[in-house]
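Heads up: the structure comes next, in structure tokens.
The values are calculated or read from the model by the stated rules, or taken from the named source; none is laboratory data. From a predicted model like this one, the values you see are computed outputs, not experimental measurements. Counting neighbours? That spans all protein chains shown, and the Cβs are built from the backbone with ideal geometry, glycine included. The protein model used for the area step is the full one, side chains on, heavy atoms only, and it has no ligands, DNA or RNA in it. Shrake-Rupley method; radii C 1.70, N 1.55, O 1.52, S 1.80 Å.
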Amino acid sequence: MPRLKPNEIHQRQFDFIIIGEAGSVAQEELLEAQIPLLNGKLKNTSSDWKLQSTTQPNASERIIPIPLGKLLGGSSAFNACIYHRCSPSDYDAWNAPGWNYEDLKPYFRKAETFHDAGHPVDPTVHGTKGPVQATHINKSTTLGTHFTKACQNYGLNAYRDMTDLRCQIGVTGLDASIYQGQRSSTGSSYLPREIQTDRANLYIGLGCKVTRIVIENDTVTRIEYTDEMDHASYTVSVNREAILSAGAILSPTILLSSGIGSKSDLEALGIPVQADLPGVGKNLQNHWRVPLVHETPRPDMSLHDGLFGHAKESLEQAIATKDGAFTQLWPDAVAYMKVPDTPDNSSSVENTPQIELFTGGLALCRELPKLKHLNCATLLMVYVTPFSKGSVSLTKDKKAYIDVGLLKDERDLECLEKGLELSMRIAEDNEYKEHCIKRWIMRPEGDIKEYIKTHVDTLHHYAGTCKMGPKEDSLAVVDHRLRVHGINRLRVVDASFFPIVPAGQICYPVIACAERASEMILEDNKYII
């Protein structure tokens, strides 16, 4: 059906209402959301919620920007396109009925059509008929090749594809949500134009900002929202279920605004309490990155010339032939590693990495604007099993107050310090050092702890703020069917329900979990699957 304007939805009734993080546009309307490495141009625009954290006292008193996709497809419309299933142990550690890795594996396959040029696709591992177009990227680049050899010299095993392996320690190429030079986001995959226009029972309302879920007698009855353009207020009625899928920052914000959260906190804000669930907004988890940036010996080892030196020509190439610098995946290769002699918060001491170490030809740091004229690459260390947790709460004027909890637990600084030392060890291996580094631009020269506090940044993998768990768990917000405890007709389906954030890139896990949730919703509403 045609998209509806905010005023066209007013006072209508729908069986199911899905509340996402979309704003006023769809991905197909924006070139930047279709071409993978144009994604940075969407940040700090009207397609970004443009949120930010509180001041982080353990990270040089910095405020951390929190970009979130404000378009159909949410943040999958401007993320890095790394397509990663993470460690099977991550899901087993959730300890929730129906959500271990073997339960989820069919939904990972269901979500994707996997492409691997010149190699047969194993249908027991990868899907071949799903909406998301995923591609195995096994770059035979100078950076990737010598990085892999350096990691092997350290003692890591090299793999072509680590998907579905019980042990996720090793060095490998990557998979990407890119196909034929274009991004495959949830918006373009699940809501292509033909579905938007031809599906008789589907209505899409963009530009509607949800302010409150109205609850009467412990049951959701309607949704209050405003028009983002003129701020007029409207309501729409729910017949069967409201499904909250606004992400781990905005979903708890909406619940709190609706009277679902800590009784004492809500009362202090003058919000009538509908359900006393202290876990709403708590348990905020994330991954953290620290860059090591160097100049490369040759231009072809970096994307900088194509992205910045010849940006016009590269963009024309991306549009005309769906090829070239803007259509590439950053990075070239990745190592998943344990950090010896550190506290380990992973889901498996044997099988789950504590850090990822990427290499790729782009200066991934805040200083990039000053480095565009140079041929740069980054060794990006990502800490994927932090102990620290943050929270999302409301300010007095009912806006999101986001404390990402960066380095709140002192064990994280120890893991980051030793992880960075390990990363430098691989960088200094002759295989990488002699072939890939012309000179260092950014690395620790003195106090490594201060370097971390100055340069550590978020990877935007927010999760955990509407935790799944039994009623007896004081932090649990939803049950194992993703229904909000104590409230009828309300579910949460996004990364906020993850009890533990998986140790890797979480877009693909969110998609697989949404596939699983969709079947639950049909079952619970007695639809035939």
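Accessible area per residue, 1.4 Å probe, Å², for the range 126-199: what's the number?
The answer is 44 Å² per residue.
Residue by residue, the range 141-154 carries 3J(HN,Hα) couplings of 9, 4, 4, x, 5, 6, 4, 4, 5, 5, 5, 5, 4, 5 Hz when phi is fed to the Karplus relation 6.51 cos²θ - 1.76 cosθ + 1.60 (θ = phi - 60°); x denotes Gly or Pro. In this structure the range 452-503 gives 30 Å² per residue of accessible area when probed at 1.4 Å with all protein chains present.
Pairs from the list Lys139/Lys433; Lys110/Lys467; Lys398/Lys449; Lys418/Lys438; Lys43/Lys129 with a Cα-Cα gap above 30 Å: Lys398/Lys449; Lys43/Lys129.
Where a ≥ b ≥ c are the square roots of the eigenvalues of the C-alpha gyration tensor, would you call the range 313-422 rounded, which needs a/c under 1.5, or, failing that, prolate if a/b is larger than b/c, or oblate? Oblate, since a/c reaches 1.5 and b/c is not below a/b. Under a straight-distance cross-link criterion of Cα-Cα below 17 Å, which lysines are reachable from Lys399, leaving out those fewer than 8 residues away in the same chain? Answer for Lys399, where 17 Å is the Cα cut-off: Lys50, Lys70, Lys209, Lys282, listed by chain and number. Starting from 0 in steps of 5 Å, tell me what percent of the Cα-Cα pairs of the range 1-140 lands in each bin. P(r) over the range 1-140, rounded to whole percents: 2, 8, 11, 13, 14, 17, 16, 12, 5, 2, 0, 0. Rounded to whole numbers, the Karplus 3J(HN,Hα) couplings from phi for the range 172-187 are 7, x, 10, 9, 9, 7, 10, 9, 6, x, 10, 5, 10, 8, 5, x Hz, using 6.51 cos²θ - 1.76 cosθ + 1.60 with θ = phi - 60°, and x at Gly and Pro. With only alpha-carbon atoms in the gyration tensor, what are the semi-axes of the equivalent ellipsoid for the range 92-197, in Å, largest first? In descending order, the three semi-axes are 28, 21, 11 Å. What a 1.4 Å probe finds exposed on the range 199-270 is 44% carbon and sulfur by accessible area, rounded to a whole percent. All alpha carbon pair distances within the range 368-472 were sorted into 5 Å bins beginning at 0; the resulting P(r) in whole percents reads 2, 9, 16, 17, 16, 14, 10, 7, 5, 3, 2, 0.
Round to a whole number: what % of the accessible area of the range 328-475 belongs to carbon and sulfur, probe 1.4 Å? C and S atoms contribute 47 percent here.
Kirkwood-type hydrodynamic radius, the range 239-289: 11.9 Å, calculated from all non-identical alpha-carbon pairs.
In a reduced charge model with +1 at each Lys and Arg Cβ and -1 at each Asp and Glu Cβ, the chain shows a dipole moment near 700 debye about its Cα centre.
By the compact-protein rule of thumb, 2.2 N^0.38 Å, the alpha-carbon radius of gyration of the range 425-529 corresponds to a ratio of 1.69. Rolling a 1.4 Å probe over the protein heavy atoms gives the range 1-105 an accessible area of 43 Å² per residue.
Please give the FRET efficiency for Asp230 paired with Tyr401, using the beta carbon to beta carbon distance and R0 = 25 Å, rounded to the nearest 0.05. Intermediate values should be presented prior to the final figure.
Details: r = 27 Å, r/R0 = 1.07.
According to the calculation, E is roughly 0.40.
State the percentage of accessible surface on the range 1-86 attributable to carbon and sulfur atoms; use a 1.4 Å probe and exclude ligands, DNA and RNA. Answer for the range 1-86: carbon and sulfur cover 50 percent of the accessible area. Estimated from helices alone, the mean residue ellipticity of the chain at 222 nm is -6500 deg cm²/dmol (sum of -39500 (n - 2.57) over DSSP H runs with n ≥ 4, per residue). Note on the chain: the C-alpha convex hull projects to 23.6 nm² when averaged across all orientations.
For the range 157-219, the alpha carbon convex hull comes to 240 Å³ per residue, rounded to a whole number.
Rounded to the nearest Hz, the phi-derived 3J(HN,Hα) couplings of the range 190-200 under the Karplus curve 6.51 cos²θ - 1.76 cosθ + 1.60 (θ = phi - 60°) are 9, 10, x, 4, 5, 6, 4, 9, 9, 7, 5, where x marks glycine and proline. Secondary structure note: in the chain, about 75% of the DSSP beta bridges are antiparallel.
Just the ratio, please: alpha-carbon radius of gyration of the range 4-77 over 2.2 N^0.38 Å, N its number of residues.
In units of the 2.2 N^0.38 Å rule of thumb, it is 1.42.
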